[in-house]
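Below is one structure, written out as C-alpha cells, with a few remarks after it.
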Amino acid sequence: MLLHRWIHKVDTDSSAIIFPDGCRDLIVVSRIGQEDELRLTDWDFRPRRVHLEAGAEISGYRLRPGVTIGLQCSEMHASAGNQLETMIEDTATGNDEVGEIISVLSAPHATVAGIAKQVGVTIRTLQRRFESQQLPPPDHWRLLGRARRAAQALHCRVSLAEIACQLEYSDQAHMTREIVRWFGFTPTQLRRDKYLLDEISQPGLGSWPSAPIKS
C-alpha cells in the first residue's frame, strides 16, 4: 500500500499539532469560492502547530514512510479529482530496498550498525544510500520509530519504566527526553490525553497499514 487518504472538515477557526510520522503528505485545501491549493509537506523532525481556517475541507494523501513525489506541486492539479491519486502513485519515488530498511529500522531492537551488516555495506555506505534518495539519515528512522512505538504503548496501563526497558532505552528518563523531543509532551501528559495518542497512532512509521483504509 503506497498511500493512505484522509479527509478533515474544519468547522471553526482552530489549530492542530502535527507530529513526526516519517511520512510526507500531499495536502489539498478546498475553500468555497477559491481555487484549490496543493501543498507537499516536508519531513518533520519535531511537532509543529498549523492553523485551520473555518470552512476549509482538507484532503490528505499520506505517502508510505520513505516515499515522496517526483513532481512539484506546481506540476500537479488539485482539480484532477479522482485522477489525483493515480497521478501521485505514478510519480511517487522511492527505493524498495531503502523502504524495507526503513521498516526494519523502525522495529524494536534495531541498530544502524546491525542493519548495515545485514545488508552487507558499511554504515557510511548505508548513509549515502539515504542521502541519494534525499531522505533523513538512518538513525532518524530508528529513533523516530522507537519513540512512536513508545508513545503508542502508552495506551496500555504498563508502567513507564517497563515500556522504557522493553524498547531498550537506557532508563525511563531517557525515554521521556526522547518522547518530549519528538512529540513535545511527556509520556504522562500523552497518557492523559487520548486525542494526542490517537494522533500519534495514525498510519506512519512503524504502524503503516498493509491494506487500504476507508476514509
Q. How much length, in nm to one decimal, is gained on full extension between L2 and V180, taken as 0.36 nm per residue of separation minus their Cα-Cα distance?
A. 61.1 nm
**Q.** Among T186, L3, F45 - extreme Cα towards positive end, dipole of the chain, charges at beta-carbon
**A.** T186
Q) Hey, what angle do you get for helix 138-153 against the long axis of the chain, alpha-carbon based, 0 to 90 degrees rounded to 10? A) 90 degrees
Q | Net charge of Cβ neighbours under 13 Å - reference D171; Lys, Arg +1; Asp, Glu -1 | A | -2
Q | Globularity ratio of the range 154-215, using Cα Rg and 2.2 N^0.38 Å | A | 1.23
Q: Quick one: angle between helix 96-105 and the longest Cα principal axis of the chain, in degrees between 0 and 90, rounded to 10, please.
A: 50 degrees
Q.
Please compute the length gained on full extension between E85 and Q134, using 0.36 nm multiplied by the number of residues separating them and subtracting their Cα-Cα distance.
A. 15.4 nm
Q. What is the sum of charges around G55, taking Lys and Arg as +1, Asp and Glu as -1, for the other residues whose C-beta is under 10 Å from the C-beta of G55?
A. -2
**Q.** Percentage relative contact order, the chain, counting C-alpha pairs under 8 Å, at least six apart
**A.** 23 percent
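Using +1 on the beta carbon of Lys and Arg, -1 on that of Asp and Glu, and nothing else charged, what's the dipole of the chain about the Cα centre, debye to 20?
Computed charge dipole of the chain: roughly 820 debye.
Taking trypsin sites (Lys or Arg not before Pro) that fall in a DSSP loop and have at most 12 other Cβ atoms within 10 Å as cut points, what is the longest piece of the chain between them?
Numbers: sites that count: R157, R192, K214.
Longest gap between qualifying sites, sites excluded: 1-156.
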**Q.** Per-selection metrics, the range 1-125 (Cα): Rg and Dmax in Å
**A.** 17.3, 56
**Q.** Gain in span if fully extended, I123 to S159, counting 0.36 nm per residue against the direct Cα distance
**A.** 9.5 nm
Q. On average, how much area does the Cα convex hull of the chain cover when viewed from any direction, in nm²?
A. 12.7 nm²
**Q.** Acute angle (nearest 10 degrees) that the helix 123-132 long axis makes with the longest principal axis of the chain, alpha-carbon atoms
**A.** 0 degrees
Q. In the range 85-167, if every C-alpha pair distance is counted and binned at 10 Å from zero, what percent goes to each bin?
A. 16, 40, 26, 16, 2
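Coordinate-derived values only; no laboratory data. All figures in this text were calculated on a predicted structure; none of them were measured in a lab. Note that we place each Cβ from the backbone using ideal geometry, even for glycine, and neighbour counts take in every protein chain shown.
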